[in-house]
Amino acid sequence: MPEQSTEQPTDLRETVRQRYAAAAVQVTGGGSACCGPDAIEIDDNFGSALYTGTEHETVPAEAVAASLGCGNPTAVADLNEGDRVLDLGSGGGIDVLLSARRVGPTGKAYGLDMTEEMLALALANAAKAGATNVEFLKGTIEAIPLPAATIDVVISNCVINLSTDKPAVFAETFRVLVPGGRIGISDVVADDVLTPAQRAERGDYVGCIAGALSFTEYRAGLEAAGFTNIGITPTHAVADGMHSAIIKATKPRTTGTDKNQGATAPLTPGTAPGTAGGTAGGTAGGTAGGTNCCGN
C-alpha cells in the first residue's frame, strides 16, 4: 500500500490524538455553541446525522455529540444475541453502547481507543446508560490488547483511514476474530483513479480524507490479512472521488492454527481479558500511542 503522507507517522498520530481529545473535552464541557457538542458536528456526511432518531434516544446525548464518523456500522454489522463485539476507535462510545443493546446480557461490547479524554467520556456515557456488558480498553488499533480468536464481530467508524500502518490493523483484526468471525466497518474509500497526492488535495489526514485507501487497495489489504467474502459498498460522497463505504469481510472457518491467529485464549462473555486496560467501572490503563478514531 502506498504511503499517503509525507508527514511522519508519530506527528500524524499526535495530531489525531489532539483533535479528538479536544472534541471529547468540548462534549464534556457541554453548553455553549462555540465549544459544546454543536461545535463537533462537521456536516451531514459525518457525525450524529448518520444515526436514526431512535438510536439517538437510546444512548446518552454526550455519546451522540461525540460521534464524528462517516457512517453507522451498527446498522450494517450482523450482530446477534451473545456476540462479542469490538469497536476500533470507539471514541465517546456510541457504537459500543448501541452494539451492547443488540448483543444483550449474554454478549459483550468492547471499545478500543488511544485517547484518555475519549475513554473518560465513554466510561461516563456507559455509566449514564447503565450498560453492564461493555468494556473500554486503552490501546492502538495496530496492536489490539485482546487475545487471539476472542471476538465475533469487529466494527469501526471512519478510523482505519487514520492509521499509519493499515496492514497491521487488518492483521490484528484478523487475529482477534474467531474462525468465521466477521467485520462490519464504515470508512472513507477513494476511487482507484485518485493518487495519494490527489486524495490529499481533497482534505487533510486528520479529516479522514488524505489517509484513505482506494477500493482496490482496501480489498488487497483485507485479502493479504486472510479475509474472504469481501464487500466494499459506497454509500455517499464525502469529497470529489471520495466515498463513505460499508466494508464487510469474513475470517475463514479454518482448522488448526493459521499464521495470523496465534494461540487461542477464549474469553467468557462478561469477563475481562487479562491484557485489558480498563473497564466501564474503572480507569482505563494501557499505553498511549497509535491511531484514534475519526469517528465514534
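Checking the cross-link pairs Lys128/Lys166; Lys128/Lys251; Lys138/Lys248 against a 28 Å limit on the alpha carbon distance flags Lys128/Lys166; Lys128/Lys251 as lying beyond it.
Which of rounded, prolate or oblate describes the stretch 72-188 when judged by the alpha-carbon gyration tensor and an a/c cut-off of 1.5? Since a/c reaches 1.5 but b/c is at least a/b, the shape of the stretch 72-188 is classed as oblate. Evaluating 6.51 cos²θ - 1.76 cosθ + 1.60 at θ = phi - 60° for every residue in the stretch 161-175, the Karplus couplings come out as 4, 7, 6, 8, 9, 5, x, 5, 5, 5, 5, 5, 4, 4, 4 Hz, glycine and proline recorded as x.
Ranked by the mean number of other Cβ atoms within 10 Å of their residues, highest first, the peptides 206-219, 83-96 come out as 83-96, 206-219. Once the mean of 1/r is taken over each pair of separate Cα atoms and inverted, the stretch 171-252 shows a Kirkwood hydrodynamic radius of 13.1 Å. Close amide H contacts of Ser214 (hydrogens built in the peptide plane, cut-off under 5 Å, sequence separation of 5 or more or a different chain): Ala190. Averaged per residue, the stretch 97-166 has 24 square angstrom of accessible surface, using a 1.4 angstrom probe with ligands and nucleic acids left out. Distance between the modelled labels on Phe215 and Thr254, one decimal in nanometres: 2.8 nm (7 Å Cα→Cβ projection).
The values are calculated or read from the model by the stated rules, or taken from the named source; none is laboratory data. These numbers were taken from a predicted model, which means no experiment stands behind them. Note: ideal-geometry Cβ built from the backbone for every residue, glycine included; neighbour counts use all protein chains shown. Ligands, DNA and RNA are excluded from the accessible area calculation, which covers all protein heavy atoms including side chains. Shrake-Rupley method; radii C 1.70, N 1.55, O 1.52, S 1.80 Å.
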